[in-house]
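Undergrad: One structure, pasted below without further comment.
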Amino acid sequence: MKAVHLRSNWQNLGGLFALLICVGEIPGVWRSLDPLLVIWNQQEYSHAWFIMPLASLIFIQRFRSVRTGGSRTPGILVAILSVVTMLFAWATGSYLACIYGAIVGIIGFVWSSVGTRAMRTLAAPLAYLFFMVP
């Protein structure tokens, strides 16, 4: 009984760790939003304004029927990968890699919060976010 309690606390810490990673990525993404918004205002990329609300609606609709559980460790690893991507983006000055790192960070946060079983259902709207990057 005690081991089960400790394990659930450890899994909750994984979601908290991934949340801290996502919050830590905000300054890097903030600097990349300016060029991204300029590109979104061009006619050939104007569809990008609809991707975030549409992905959010699909995510919410699927989240109602999701069953949490499974391993949350891959989500933590994905969140760490997002940090590596963001550091690479900052070193090279690539705003596209920075945005990709932020999207990977969101995926890592969700995965470490809900588990592998739920990610089977929620992966599609999260992967759809990659289409907003030109």
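Undergrad: Quick one: count up the residues across segment 1-27 that are hydrophobic (A, V, I, L, M, F, W, C), modelled with pLDDT under 75 and loosely packed, with under 14 Cβ neighbours inside 10 Å.
TA: 6
Undergrad: Only residues that are within 25 Å of Ala48 (Cβ to Cβ) and open to solvent by 60 Å² or more (accessible area, probe 1.4 Å): list them for segment 63-83, please.
TA: Phe63, Leu81
Undergrad: So, Leu96, is that one at pLDDT 85 or above and surrounded by 12 or more Cβ atoms within 10 Å (Cβ to Cβ) or not?
TA: The answer is yes for Leu96.
Quick grid of which residues meet (1) closer than 29 Å to Ala91 by Cβ; (2) among the aliphatic types (A, V, I, L, M); (3) at pLDDT 85 or above:
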{"residue": "Val29", "(1), (2), (3)": "yes, yes, no"}
{"residue": "Asp34", "(1), (2), (3)": "yes, no, no"}
{"residue": "Val38", "(1), (2), (3)": "yes, yes, yes"}
{"residue": "Ser56", "(1), (2), (3)": "no, no, yes"}
{"residue": "Phe59", "(1), (2), (3)": "no, no, yes"}
{"residue": "Arg62", "(1), (2), (3)": "no, no, yes"}
{"residue": "Arg72", "(1), (2), (3)": "no, no, no"}
{"residue": "Leu81", "(1), (2), (3)": "yes, yes, yes"}
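Undergrad: I want to confirm something. Restricting to segment 74-89 and keeping residues that are among the small types (Gly, Ala, Ser) and in contact with a Cys (Cβ under 9 Å, 6 or more places away or on another chain), which single residue is farthest from Trp111 (Cα to Cα)?
TA: Only one residue tops the list, namely Ala89.
Undergrad: Could you check segment 102-130 and list, in sequence order, the residues that are modelled with pLDDT of 90 or more, open to solvent by less than 30 Å² (accessible area, probe 1.4 Å) and not hydrophobic (A, V, I, L, M, F, W, C)?
TA: Pro125
Undergrad: Test Phe88 against the criterion of being open to solvent by 50 Å² or more (accessible area, probe 1.4 Å), touching a helix residue (DSSP H, G or I) at 6+ places or on another chain (Cβ under 7 Å) and in contact (Cβ under 8 Å) with a residue 60 or more places away in the chain, and give yes or no.
TA: So Phe88 does not fit the description; no.
Undergrad: In segment 104-134, which residues are free of Cβ contacts under 8 Å to residues at least 60 places away in the same chain, aliphatic (A, V, I, L, M) and within 15 Å of Pro74 (Cα to Cα)?
TA: Passing the criteria: Val104, Ile107, Val110, Val114, Ala118, Met119, Ala123.
The values are calculated or read from the model by the stated rules, or taken from the named source; none is laboratory data. Given the structure is predicted, the values throughout are model-derived calculations rather than measurements. For neighbour counting, all protein chains shown are included, and Cβ atoms are generated from backbone atoms with ideal geometry for every residue, glycine included. What goes into the accessible areas is simple: the full protein's heavy atoms, side chains included, and nothing from ligands, DNA or RNA. Shrake-Rupley method; radii C 1.70, N 1.55, O 1.52, S 1.80 Å.
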